[in-house]
Amino acid sequence: MSFVYLNGDFLPVGEAQVSVNDRGFLFGDGVYEVTPAYGGRLFRWEQHLARLTAGLAAIGIDFDATVLKRVKEKLLARNGLDGASGAYVYVQVTRGAAPRTHWFPDPPVAPTVYAFANRFARPSMEEWARGISAVTVPDQRWARADIKAIALLANVLAAQTAVGAGAGNAVFVRDGIALEGSHNNLFAVFGGVLATAPKSNYILHGITRDFLIELAAGLDIPVEERAIPLPELYRADEVFFSGTTTEVRPVVEIDGRKVGDGVVGPVARRLYEGFLGVVEGERPAG
Ligand code: PDD
């Protein structure tokens, strides 16, 4: 049975109840965070905490997210995920339950804090090495994609467009620029140089993205944080997505066109090996 966290309590998922007046339900008025855990240890928690704290401040929810570290660790343990090689903890904080008004409840109400933990399946090396396909979609999100808002309709529709097209993921394109995936960041390789969209209000500032940029520096792979126009993306030698649970996922076809030679390339491979080297090192010995 899975145990979740809701507003201070750990309880079986079937017993967790949220008001129909919750502003997350009515308006998508909240933010969330997904933190990976390897060997039961939260990975880059400080960075995830900083992003969540910034998101809460950006939308004016008064909640001290530092308390969530213990909540997350407890959820991993309670759900038997402390030894899992790949797990994650999801947390969302909404503005709370109040009669429906577009403006904030005044006086403020207690935010609703919900969290759960689960494992994620990493593809086998054979499957990983086959890569996935992607389709591009117009970016119909609002102009604050840097806030990890729970309102994800445009992301949901993009992901479903990919499913409908038999593809593995969708790439958001805004004003001709390829920005990121439906739930992950996007990297491309041109002549050995790694490129990814610069941090702006139009992408989520991925923690995995930052981690890969650091890994690339250690591997002497040059990185350019710059706009990637779609025609250029089509000419990339390699393309891959990055994210929590996505980790590093190579793309061998975009919009029906082969990426490079249509096979997974060396930069994605080196970064994935580097990535696994670090996260597998998080696993307790034995
Ligand atoms: N998604 N871009 C978008 C739009 C995302 O939703 C995510 C993460 C990322 C990657 O961020 P990070 O490396 O910090 O996980 C980029 C999470 C995992 C989700 O929605 O489930």
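Values for this structure:
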{"read-out": "Part-to-part distance (alpha-carbon centres) for the range 7-23 and the range 241-268, which is given in Å", "value": "39 Å"}
{"read-out": "Cα long-axis angle, helix 153-164 against the chain (0 to 90 degrees, to the nearest 10)", "value": "50 degrees"}
{"read-out": "Prolate/oblate/rounded call for the range 1-123, Cα gyration tensor, a/c under 1.5 rounded", "value": "prolate"}
{"read-out": "Distance between modelled label sites at D62 and R122, nm, 7 Å Cα→Cβ extension", "value": "4.3 nm"}
{"read-out": "Helical contribution to [θ] at 222 nm, DSSP H n ≥ 4, -39,500 (n - 2.57), averaged over the chain, rounded to 500", "value": "-8500 deg cm²/dmol"}
{"read-out": "Candidates R70, R235, R269: whichever shows maximal mean-square fluctuation once the chain is modelled as a Gaussian network with Cα springs under 10 Å", "value": "R70"}
{"read-out": "Tilt relative to the chain, helix 68-78 - C-alpha long axis, 0 to 90 degrees, to 10", "value": "80 degrees"}
{"read-out": "Cross-link pairs beyond the 24 Å C-alpha cut-off, checked among K69/K199; K148/K199; K72/K148", "value": "K69/K199"}
{"read-out": "0 to 90° range, to nearest 10: angle between helix 45-59 axis and the chain longest Cα axis", "value": "70 degrees"}
{"read-out": "Gap separating the Cα centres of the range 178-193 and the range 64-94, nearest whole Å", "value": "29 Å"}
{"read-out": "For the chain, built as a Gaussian network whose Cα springs stay under 10 Å, the top-fluctuating residue of A197, A165, A217", "value": "A217"}
{"read-out": "Estimated dipole of the chain in Debye, rounded to 20 [Cβ of Lys and Arg +1, of Asp and Glu -1, Cα centre]", "value": "360 debye"}
{"read-out": "Heavy-atom accessible surface of the range 210-281: percent carbon and sulfur, 1.4 Å", "value": "50 percent"}
{"read-out": "Total charge dipole magnitude, the range 1-160, about the Cα centre, Cβ charges on Lys, Arg, Asp, Glu only, Debye to nearest 20", "value": "240 debye"}
{"read-out": "Top positive-direction residue, dipole computed over the chain with Cβ charges, set I177, G30, Y114", "value": "Y114"}
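The values are calculated or read from the model by the stated rules, or taken from the named source; none is laboratory data. Predicted, not measured: the structure shown is a model, and the values here were computed from it. Quick reminder, even Gly has a Cβ in these numbers, built from the backbone with ideal geometry, and neighbours come from all protein chains shown. Protein only, heavy atoms only, side chains kept; ligands, DNA and RNA dropped before computing areas. Shrake-Rupley method; radii C 1.70, N 1.55, O 1.52, S 1.80 Å.
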